[in-house]
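What follows is a single structure, written as structure tokens, with notes after it.
Nothing in this text is a laboratory measurement; each read-out follows from the coordinates by a stated rule. Keep in mind it's a predicted model, so treat the numbers as computed, not measured. Heads up, the Cβs are rebuilt from the backbone with ideal geometry, glycines too, and the neighbour counts pull from every protein chain shown.
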Amino acid sequence: MAKTLEHTPLTDPSLSGLRSLLAYSDMLRNFVRKDIQVRYQGAALGFLWSLINPLVMIGLYVFVFSVVFKSNLPNYPLYLMAGLLHWNLFSQITGQSCDTLLANAGLVKKIYFPRLLVPISSVVFNVVLWLLAIALLFILYPFLGGKLHPVLVVYPVVLLFFLAFTFGITLILSVLNVLFRDLKHLVDVVLLFLFWVTPIVYQYHRIPPHLRQLFAVSPLVDYVLIFRGILYSGQLPSWHILAMAVAWTVASLTVGLFVFNRYADSLVERL
Amino acid sequence: MRSLPDEVVQVEHVSKEFILHHNRVDSLKGKLVGLFKDRWRTRHEHFHALSDVSFTVRRGEAIGLMGRNGSGKSTLLQVIAGILKPTSGRVITRGRVAPLIELGVGFHPELTGEENVYLNASLYGFRNKDVRGRFDDIVEFSELAHFIDTPVKNYSSGMYMRLAFAIAVHLEPDILLADEILAVGDAAFQEKCHDKIASLRRNGMSIVLVSHNEQQVRDFCNSFVRLDGGRVVETGIFRTKTAHTR
């Protein structure tokens, strides 16, 4: 089989797995940089636009829920942001994931590179835009009433699990959308539905107890409860919520990678 | 010199079958209606684009894939490039493969020439630091030094092709897969392309050139494979090796 030259034979299709992904890390970098550059080309505020949307959303929800509905929650803006920012991350990545393979069809049909790089670059692109928003949360954290709890140290780990979960969903959707081109419209509707059945702007225990079992099926509920536990309450939720979140992540990533690896090559013919 | 086995491309009994979707429906609604209504259902037909194709390309050899439109030559090139997986058989390639199936794939019109050089090269698996070392050569070859920091949307089609070609030949491929493209630009620039390819071949680069133009194949290649209906119908060697004696 193929041998390694003084340069790795990078476009060698027989090279597979993690090694070839690492070899293409500069492609990922160039790709994400291109997407960001193109997106904010000529925009006076540039990168800052990625902040304006979440800030307006937060402002509106704070107004509606603490002024109009008079929520009795202390530090409601922090309560809201802890859930909403992570929801935004999820919905932006999954909302865009349907289009990734189709949008890059010209490339995928003309050059061989590890196909996994297409969804990975879409995820990284959205994470980079999102970093500004989460950085702002941490800067404002003490002013919003946040305390430096020791549990904050597990935040990066939980975030990684959450991203892995989202990535798995992305893989599944990007493949399915090639087969069913109207999937993205369905995804938009499902995302809208999920937003309101996830306790982001309201409290979990406001859900009537007999419906709570139904809501608890959603992995987003688990993750929002964990993120809010870390950033707002200063304690992790019960172990079975943690276990469910891990289980969802493992399931999503396993199914996603399986589906993608199984179908990515033959999808080229259907793009 | 690199120590590589002499056979850089081995195509072994490759067959490629496409499923043609007549009346293809790619929507959920269509699929659902198709369960009940015949008219909405997709009809599938198996189409053999390649049947039992075998040949070998040796180091430094240039082979022309000839045949009429639809004979399977471009499909074969995509299989060698790893873009399509063969239905049966296998392809072994040794070394760096540069598919020139279309020039300027992955160029983004809003990015400058320089940014596109790095982007395009990285699509072929190049590290940015390796491209940096070749960047000046690429720009010099393309004769675009004055325009390299302007967006490629402002380039003429000739400039665009020159940059794309310059990138491809400076990635020092071991195997160049070309679909009709081996020279771009005006007569003088084409001459330069030919010289560059000749010098790369002297250093051991192999070429697989797809063309329906017999003269082009004669100019560049020392052997050929003729396809018809996805089968190899003729193979041969050209007596006069024009490419070497230029």
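Points to keep in mind about this one:
- Restriction of the trypsin sites (Lys or Arg not before Pro) in the stretch A:13-105 to DSSP coil positions whose beta-carbon has at most 16 other beta-carbons within 10 angstrom yields A:K70.
- Residue-averaged beta-carbon neighbours from other chains (10 angstrom radius) around B:31-38: 0
- Against chain B, whose longest principal axis is taken from its Cα atoms, helix B:113-123 shows a tilt of about 50°.
- Mean Kyte hydropathy of 0.5 or more with a Cα span along the axis of at least 18 Å, helices from DSSP in chain A: A:49-62, A:76-103, A:117-140, A:155-179, A:183-197, A:239-267
- The ellipsoid that matches the Cα gyration tensor of the stretch A:35-270 has semi-axes, each √(5λ) in whole angstrom, of 32, 21, 17, with the longest given first.
- Averaging the sequence gap over all C-alpha pairs within less than 8 Å and six or more residues apart, then dividing by the number of residues, gives chain A a relative contact order of 26 percent.
- Within the protein assembly as shown, antiparallel bridges make up roughly 60 percent of the DSSP beta bridges whose residues both belong there.
- Couplings for the stretch B:51-56, taken from phi via the Karplus curve 6.51 cos²θ - 1.76 cosθ + 1.60 with θ = phi - 60°, read 10, 6, 8, 9, 6, 10 Hz in order; Gly and Pro are left as x.
- Average Cα contact separation per residue, chain B, under 8 Å, 6 or more apart, as relative contact order %: 26 percent
- In loop segments of the stretch A:55-117 as defined by DSSP, the chymotrypsin sites (Phe, Trp or Tyr not before Pro) with at most 16 further C-beta atoms inside 10 Å of their C-beta are A:F69.
- Working from Cα pairs under 8 Å separated by at least six residues, relative contact order for the stretch B:145-235 is 22 percent.
- Hits among lysines - C-alpha to C-alpha of B:K31 under 22 Å, sequence gap 8 or more where chains match: A:K184
- Remark: chain A carries a charge dipole of roughly 160 debye about the Cα centre, counting +1 on each Lys and Arg Cβ and -1 on each Asp and Glu Cβ.
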